[in-house]
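Have a look at the structure below, then the notes.
The numbers here are math on the coordinates, done by the rules we state, and not lab data. Everything numeric in this text was worked out from a predicted model, so none of it was measured. FYI the Cβ positions are ideal-geometry reconstructions off the backbone, even for glycines, and counts take in every protein chain you see.
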Amino acid sequence: MSSTRKLRILVAKPGLDGHDRGAKIVARALRDAGFEVIYTGLHQTPEMIAAAAIQEDVDAVGMSIMSGAHMVLMPAVVDLLRARGGEGIAVFGGGIIPDDDMEALRAKGVKGLFTPGTPLAEIVDWINANVTPRQ
Amino acid sequence: MRDIDDGMPGAVDALKALYPRTGRAHVVGVTGAPGTGKSTICDRLIGSFRAEGKKVGVVAVDPSSPYSGGAILGDRIRMQEHATDPGVFIRSMATRGHLGGLSASTGDVVRVMDAMGMDVVIVETVGVGQDEIEVARTAHTTVVVLVPGMGDDVQAIKAGLLEIADCFAVNKSDRDGADKVVRELQVMLDMRPRREGDWEPPVVKTAAIHGEGIGDLRGALDRHAEWAAGSGRSGQVLTDRRKSELGEIMRGMIAKAVERRIEAYPGGIDGLANDVRAAGKDPYTAAEEILKGAMDGLKESGGR
Ligand SMILES: Nc1nc2c(ncn2[C@@H]2O[C@H](COP(=O)(O)OP(=O)(O)OP(=O)(O)O)[C@@H](O)[C@H]2O)c(=O)[nH]1
Ligand SMILES: [Mg+2]
């Protein structure tokens, strides 16, 4: 019966930079992998992302951040989700993220981190391995 | 809501429990061809209802990909302004292969939002011809969105579309040709056979992106709700609603039971198709067997 449970994933583009090509490409790849992707567009605040994730009852939240603000935005989303009963939601992100930051982000609960140029299949595989429909 | 969408056991019990609290919300359907501005209209309508302190639920339905079964649900993009408003609850859904543009559980999700105390529930669906009719079944008031510059589209509107629309929004009226669309629609509406006391669907020009015409659209929605409640036909309207609700719930239950049965079959639908072919069985017999199994499964799970 588990196959009726489809993974629902929110893809968001937080921050001020105005390029969502990367996020859109990821959204399309996830759709093609059979996931239901809720795409919320540009300029999302952590508040908006967390609110949407809860309303949409997603299993994971993916963020694309190219502005360098990942250290602020990604943990903020993790914290807001926890505060609202969404601690089971897996948070992952992509961007130009130095190794040191990766460690720190993982420690703060951002589970999957991808740098530009990561093959899309790798992201899909990571989701399949790490995200399960929430009960 | 997730359990409802996924057809999980237990969802029906929850729906039974909340059903007595439904029936208060005004359910507004917004449908039309892709890209006509449905989500932008929804966004503006949310603003208009919120200005009066009304709580608004939105169910935004987009098609699932027939190839992967996945979907990109992007209607929220246009409703960002309301993302953190606690008086607004937006839920995106994929059709998951169901015909008719409405995912099988749309009606259930609408009822959950109704029971949550939403004053208005807006259902956005991409309508491509025939499919709009499904929206009208769920909604109390259906808005059909058209735009200028779609060629001979107005002429091409099927009779079905004319029948389901309680109101037309000619959106993108900041572009040339909106008046022509309005005129043509009006002519078609005037030619339609009518009975005394029938609702006359208003045609409203909107430029949702600029917030223009939204007041008129709101007025039309409110007038239609009043008419439905007080036209002396409210009894008939309620009976019709109950009928379509019943039909929709039955179809949904049957579809889910059949889906579960097929999933339980070794190899799923592919396995079934192969076995039918290998056994030289006709598909009718195979379908009957699946249906029979589905009904037994339904009994065991107590109607889920
Ligand atoms: N010129 C003009 N553009 C508009 C208007 N309303 C919406 N748009 C634009 O039309 C495009 C589609 O708008 P949406 O609201 O996403 O349309 P939709 O019907 O919800 O689209 P789908 O859900 O993808 O079918 C966007 O680029 C909007 O900015 C309008 O009144 N005038
Ligand atoms: Mg839309």
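Here each label is just a point 7 Å from Cα along the line to Cβ, and for A:Arg106 and B:Glu263 those points are 3.4 nm apart.
Taking packing as the residue-averaged number of other Cβ atoms within 10 angstrom, the listed peptides B:253-260, A:78-85, A:34-41 run from highest to lowest as A:34-41, B:253-260, A:78-85.
Within chain A, which DSSP H helices have Cα atoms that stretch 18 Å or more along the helix axis and a mean Kyte-Doolittle hydropathy of at least -1.0? Don't skip to the answer; put the middle values down first.
Numbers: long enough: A:70-83 (19 Å, 1.33).
Within chain A the helices that satisfy the rule are A:70-83.
Within the listed set B:Asp216, B:Asp62, B:Asp13, the residue fluctuating most in the Gaussian network model of chain B (springs between alpha-carbon atoms under 10 angstrom) is B:Asp13. For chain B, the longest principal axis of the alpha carbon atoms and the long axis of helix B:283-300 meet at an angle near 90°. Under a straight-distance cross-link criterion of Cα-Cα below 18 Å, which aspartates and glutamates are reachable from B:Lys299, leaving out those fewer than 8 residues away in the same chain? By straight Cα distance, B:Lys299 reaches B:Asp13, B:Glu259, B:Glu263, B:Glu288, B:Glu289. For chain B, the longest principal axis of the alpha carbon atoms and the long axis of helix B:214-230 meet at an angle near 70°.
Amide hydrogen proximity for B:Leu146: with H placed 1.01 Å from N in the peptide plane, the residues at 5 or more positions away or on another chain lying under 5 Å are B:Ala169, B:Val170, B:Asn171.
Could you check how many percent of all C-alpha pairs in the protein assembly as shown are farther apart than 32 Å?
On the way: 40877 of 96141 pairs.
More than 32 Å apart: 43 percent of the Cα pairs in the protein assembly as shown.
The GNM of chain B, with springs linking C-alpha atoms under 10 angstrom apart, assigns the highest mean-square fluctuation among B:Gly267, B:Gly23, B:Gly87 to B:Gly267. Taking a ≥ b ≥ c as the square roots of the eigenvalues of the Cα gyration tensor, the stretch A:57-133 is oblate, since a/c reaches 1.5 or more and a/b is not larger than b/c.
Helix B:234-264 and the longest principal axis of the Cα set of chain B meet at an angle near 40°. What residue among B:Lys281, B:Lys55, B:Lys16 shows peak mean-square fluctuation when chain B is described by a Gaussian network model with Cα springs under 10 Å? Checking each option, the largest mean-square fluctuation is seen for B:Lys281. Residue by residue along A:39-49, Cβ atoms of other protein chains within 10 Å of the local Cβ number 4 on average. Spatially, the stretch A:53-78 and the stretch B:234-254 are offset by 41 Å when compared through their Cα centroids. Database remark: amide H of A:Leu113 closer than 5 angstrom to the amide H of A:Gly93 (H placed geometrically; neighbours at sequence offset of 5 or more, or on other chains; Pro and chain starts carry no H).
Other protein chain C-beta atoms within 10 Å of residue C-beta, averaged over A:51-57: 6. Here's how it looks for A:Val37: its modeled amide H is under 5 Å from those of A:Ile9, B:Ala71, B:Ile72, B:Leu73, which are all 5 or more places away or on a different chain. On the basis of the beta-carbon distance and an R0 of 45 Å, A:Ile96 and B:Glu212 show a calculated FRET efficiency of 0.60.
Average partner chain C-beta neighbours within 10 Å, per residue of A:29-37? Average neighbour count from other chains, rounded to a whole number: 6. Between B:Leu246 and B:Lys299, residue separation times 0.36 nm minus the direct Cα-Cα distance comes to 17.2 nm.
When you count the other C-beta atoms within 10 angstrom of each residue and take the mean per peptide, A:101-108, B:67-74 line up highest first as B:67-74, A:101-108.
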